[in-house]
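Contents: one structure, followed by commentary.
The values are calculated or read from the model by the stated rules, or taken from the named source; none is laboratory data. This is a predicted model, so every value here is computed, not measured. Note that each Cβ is placed from the backbone with ideal geometry, even for glycine, and that neighbours are counted across all protein chains shown.
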Amino acid sequence: MQKLNHLSDLPTSYAISLTEHSVITLVGEQASQYLHSQVTVNIEALSENQVRWSAHCDNKGKAWSVSQICRFNDTLLMLINTSACKASLTELKKYGVFSKVDITDSSTNFKQYFVSADIAKLLLSNEFESLPQEPMQSVVGSNGLLFKSDINENGYYVVLTQDAGINFEAQLNEQDIPQFGPEVYAAMSITSARADIEEVNGAEFVPQMLNVQAINGIDFDKGCYMGQEVVARTRFLGKNKRAAFSFKVPQSLSINVGDTIEKQLGENWRRGGTVVKVARLGAETHFMAVLPNDTTTQDNFRLHDTSDTSFGALPLPYSIEQAASNIKRKR
């Protein structure tokens, strides 16, 4: 694997191995119905060529994980951060015993990648009839699926069976394609303000604090699901006062998920928020933190009790305002 000092150094053609991502599979007569009752989007309406961001919450509306959900033949896939996989899998299995569904950590059955568009066209045309042109639209083949990503980079998210993945990696090596580790994809995701959950901060934030509603990851008009009352109340009563913001610091920074960052108020510093995602490259550090949702790019932050480095939030690439709903609030 090659290393990057700066995300801007990424070449035009590349492949990234997503070794820090897992796959939860759901199969069975009631798989769609069951997952529909557990996550924030309408699974029963999910088409075979559609991918959705979604949050999986506890009964208090706090997220165990944020994942991308799609269909692969008769199987539902949750593409999920490995650190959050165990908690979500445990919670899904806890209630899944009452439904006709098999829920499995199938990570060893698949390999996941993020590749530039030209590499997808060059090396995956034998696996897939075409490449989807719209973000979050997928194409399914006999050995996996791929979809056009909705992050800023012009690339495709690829899920292949183990054997197909081994063959794909052999082609990458034969063609001498630059290959990078998962920290590069994490940096891309942070630049595009795609927040995440890890084991250390599971069940700590409602989905709106992670901007899940801004990436089409909450269907407020769907039926009941785990944590739905809190998620809906947070919206309709305007109770959410926090959101996730991205940062880029031009140095290697000692920062971890769960760390506290402080906000400058005059000559003093006060607690600002919590780090939820980190990506370290050779000469820069990308991270996201949950902060007050009125944070601006002029606000100044630092690590807790550290005066060496200060930094400001990047502009969000989307609006965190909530779209109108068809639901009429009860009086």
### Query
Is there a residue being crowded, with 19+ Cβ neighbours inside 10 Å and hydroxyl-bearing (Ser, Thr, Tyr) anywhere in the stretch 249-264?
no
### Query
Of all residues in the stretch 26-45, which are β-branched (Val, Ile, Thr) and either surrounded by 20 or more Cβ atoms within 10 Å (Cβ to Cβ) or within 14 Å of Val97 (Cβ to Cβ) (or both)?
Val39, Thr40, Val41, Ile43
### Query
Here are some residues: Asp219, Asp259, Asp299. Which one is of a type outside the set (S, T, N, Q), touching a residue at least 24 places away in the same chain (Cβ under 8 Å) and closer than 30 Å to Met1 by Cβ?
Asp259
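Residues are listed down the side, and each one gets a yes or a no for (1) under 22 Å from Pro315 (Cβ atoms); (2) among the basic types (Lys, Arg); (3) at pLDDT 95 or above; (4) not in a helix (DSSP H, G or I):
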residue	(1), (2), (3), (4)
Ile151	yes, no, no, yes
Val159	no, no, yes, yes
Ala164	no, no, yes, no
Glu169	no, no, yes, no
Leu172	no, no, yes, no
Asp176	no, no, yes, yes
Tyr185	yes, no, yes, no
Ser189	yes, no, yes, no
Asp196	yes, no, yes, yes
## Note on the structure
Of (1) more than 30 Å from Lys239 (Cβ to Cβ); (2) touching a Phe, Trp or Tyr at 6+ places or on another chain (Cβ under 9 Å), Ser47 satisfies every one except (2)
### Summary
Listed by range, strands (runs of 3 or more DSSP E) wholly within the stretch 223-331 having at least 3 residues that are more than 28 Å from Asp58 (Cα to Cα) and touching a Pro at 6+ places or on another chain (Cβ under 9 Å) are none
### Task
Return a yes/no flag: does the stretch 193-200 have any residue that is buried (at least 17 other Cβ atoms within 10 Å of the Cβ), more than 12 Å from the chain's Cα centre (by Cα) and outside the structural domain of Phe245 (by TED's automatic domain parsing).
no
### Query
Out of the residues in the stretch 259-296 that are among the small types (Gly, Ala, Ser) and within 17 Å of the chain's Cα centre (by Cα), which is farthest from Pro182 (Cα to Cα)?
Ala289
### Query
For the stretch 150-185, how many residues meet the condition of being small (Gly, Ala, Ser), touching a strand residue (DSSP E or B) at 6+ places or on another chain (Cβ under 9 Å) and more than 26 Å from Thr75 (Cα to Cα)?
1
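Residues are listed down the side, and each one gets a yes or a no for (1) surrounded by fewer than 16 Cβ atoms within 10 Å (Cβ to Cβ); (2) within 21 Å of Leu7 (Cβ to Cβ):
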residue	(1), (2)
Glu267	yes, no
Met288	no, yes
Thr295	no, no
Leu314	no, yes
Ser319	yes, no
### Task
Only one of these is surrounded by 20 or more Cβ atoms within 10 Å (Cβ to Cβ) and assigned by TED's automatic domain parsing to the domain that holds Ile24: Gly181, Gly155. Name it.
Gly155
### Query
Tally time: how many residues in the stretch 57-81 are among the polar types (S, T, N, Q) and more than 18 Å from Asn216 (Cα to Cα)?
4
### Query
Quick check: is even one residue across the stretch 133-141 in a strand (DSSP E or B), surrounded by fewer than 21 Cβ atoms within 10 Å (Cβ to Cβ), at pLDDT 95 or above and more than 20 Å from the chain's Cα centre (by Cα)?
yes
